[in-house]
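Here's the structure, in structure tokens; my notes come after.
The values are calculated or read from the model by the stated rules, or taken from the named source; none is laboratory data. Every value quoted in this text rests on a predicted model; they were computed, and no experiment measured them. Neighbour counts are summed over all protein chains in view; Cβ atoms, including those assigned to glycine, are modelled from backbone coordinates with ideal geometry. We work out accessible area using only protein heavy atoms, side chains counted, and drop any ligands, DNA or RNA first. Shrake-Rupley method; radii C 1.70, N 1.55, O 1.52, S 1.80 Å.
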Amino acid sequence: MTPNERLLAVFQGKQPDVIPWHADLTYWYNAQRVWDRLPEAWRGDGVRRMYTDLRAGCHEHALFNPWRQEFEGTETTVETYEEGGVQLQRTQWHTPVGSLTQIKQYEPQAATWAYRKYPVAGQEDLRTLRWMYEHLKVTPNFGPEEEALEFWKDWGLPSSVPPRSPMAHLIVIWAGVTNTSYALADCPEEVERTLWRMHEAEDPIYEACAQAPAPLVYFGENITGEVVSPSLFDRYYRPFYAQRVPQLHAAGKFIFVHVDGAFRNILKPLAATGVDCAQSLTPAPVGDVPVSEMRQVAGPDLILWGGVPAAFFSPLYPEQALIDIVLECLRRYKHDGKFMLCVCDQVPPDGVIERVRLVSELVEEHGVLDR
């Protein structure tokens, strides 16, 4: 079976020949490209060859938004500049009712941008954000997914990626943890009005995901139990899932949710929403649940996709730590029927890329399922 066939088999409740194994190499790949260290054979369209060379399935490189969107009546400006030897980027959204400003700082050692200022900090900003979503225009755009289905062939199964659910989007993108926490304490009604406006405005996006050619839909929530308690999940996540999950299932889609933090108290509430799979489940010692307890914590029905901490691809950790945890995952969940192996979350920029091939070899040797 191909990596795509193995992945779909698990979602369809069938048995693959080998435990599915996928690696998110986007962060490592982009960093090597920025630093001009990427092997020539893997540049451009050679990105598919990278996965075939390493014998790992692709998922993050095959994520797509099957729509275009525009905040009508909003003027967006982006400015990159230096201050005190630091590279900064200021993005501003100017509307008739107010403006929002986001500032990010580039971290060259990590080859990524970090937030210095979130756009939403209080009630007035929430009202501005709400106005923007009241004027959100969405247009379906299936072309990129159709091309990706042909480009990736057997090695990467394209997935549609709607925006995070409204509360997750507020926490991760618009306001951050601190501002969101204060807003929930100071003006919960404003928060809830904004969340429902975001939800309603995104109806055409979910219609596009339901009609798109990709068989999977990826909720990129970035949920962690360190931020999202079961009670907060029940109040601010579950009602939105209650509408989106049946809608996508009715269209024949499978749903996986990105959980890349602590998950001991989150998996059962997540499973109760009816989603098919929790992805990027990072076990102890990096996460808060040992490999041995993952199924117990999740319950019997949820597909578990994870098991391999990204930190173990760094030379800061011995290769044996990686080998040990991969073998434990295979030993414990080889016959679970609802388990798939993946890097949790991304192979880091300093990752030893040959360790990806090492995991592939371990899976091919120890992950074969009996017929």
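Points to keep in mind about this one:
- Region 9-99: chymotrypsin sites (Phe, Trp or Tyr not before Pro) falling in loop per DSSP and having at most 16 other Cβ within 10 Å: W35
- Each Lys and Arg Cβ is given +1 and each Asp and Glu Cβ -1; about its Cα centre, region 125-178 then shows a dipole of about 400 debye.
- Size of charge dipole - region 236-365 - debye, nearest 20, with Cβ of Lys, Arg +1 and Asp, Glu -1, no other charges: 640 debye
- For region 110-117, 3J(HN,Hα) computed residue by residue from phi via the Karplus equation (6.51, -1.76, 1.60; θ = phi - 60°) reads 9, 6, 8, 9, 10, 6, 9, 9 Hz, glycine and proline entered as x.
- Springs between Cα atoms under 10 Å define the GNM used for the chain, and in it the highest mean-square fluctuation of V257, V138, V78 occurs at V78.
- For region 334-343, backbone phi angles converted through the Karplus equation (6.51, -1.76, 1.60; θ = phi - 60°) give residue-by-residue couplings of 4, 10, 5, x, 9, 9, 9, 9, 7, 5 Hz, Gly and Pro being listed as x.
- Surface composition of the chain: carbon plus sulfur atoms hold 47% of the accessible area, using a 1.4 angstrom probe and ignoring ligands, DNA and RNA.
- For region 104-204, the Kirkwood radius over C-alpha pairs fed into Stokes-Einstein at 25 °C and 0.890 mPa s yields D = 154 µm² per second.
- Chymotrypsin sites (Phe, Trp or Tyr not before Pro) lying in DSSP loop within region 304-371, provided at most 13 other Cβ fall within 10 Å: none
- Relative contact order for the chain: 20 percent, from Cα pairs under 8 Å spaced at least 6 residues apart, divided by residue count.
- Solvent-accessible area per residue, Å², over the chain with all protein chains present [probe radius 1.4 Å]: 43 Å²
- Label selected from (1) 62, 47, 39; (2) 67, 54, 37; (3) 72, 52, 43, the criterion being Cα extents along the principal axes in Å as computed here: (1)
- Amide proton proximity set for F339, modelled H, under 5 Å, gap of 5+: L304
- Close amide-amide hydrogen proximity is noted between T74 and no other residue 5 or more places distant or on a separate chain, at a cut-off under 5 Å (H modeled in the peptide plane; Pro and chain starts excluded).
- Charge dipole (debye, nearest 20) of region 318-371; +1 at Cβ of Lys and Arg, -1 at Cβ of Asp and Glu: 280 debye
- Coupling constants for region 70-79 follow from the phi torsions by the Karplus curve (6.51 cos²θ - 1.76 cosθ + 1.60, θ = phi - 60°), and in residue order they are 8, 8, 5, x, 10, 9, 10, 10, 10, 10 Hz; glycine and proline get x.
- Evaluated over region 32-82, the Cα radius of gyration and Dmax, each in Å: 17.1, 47
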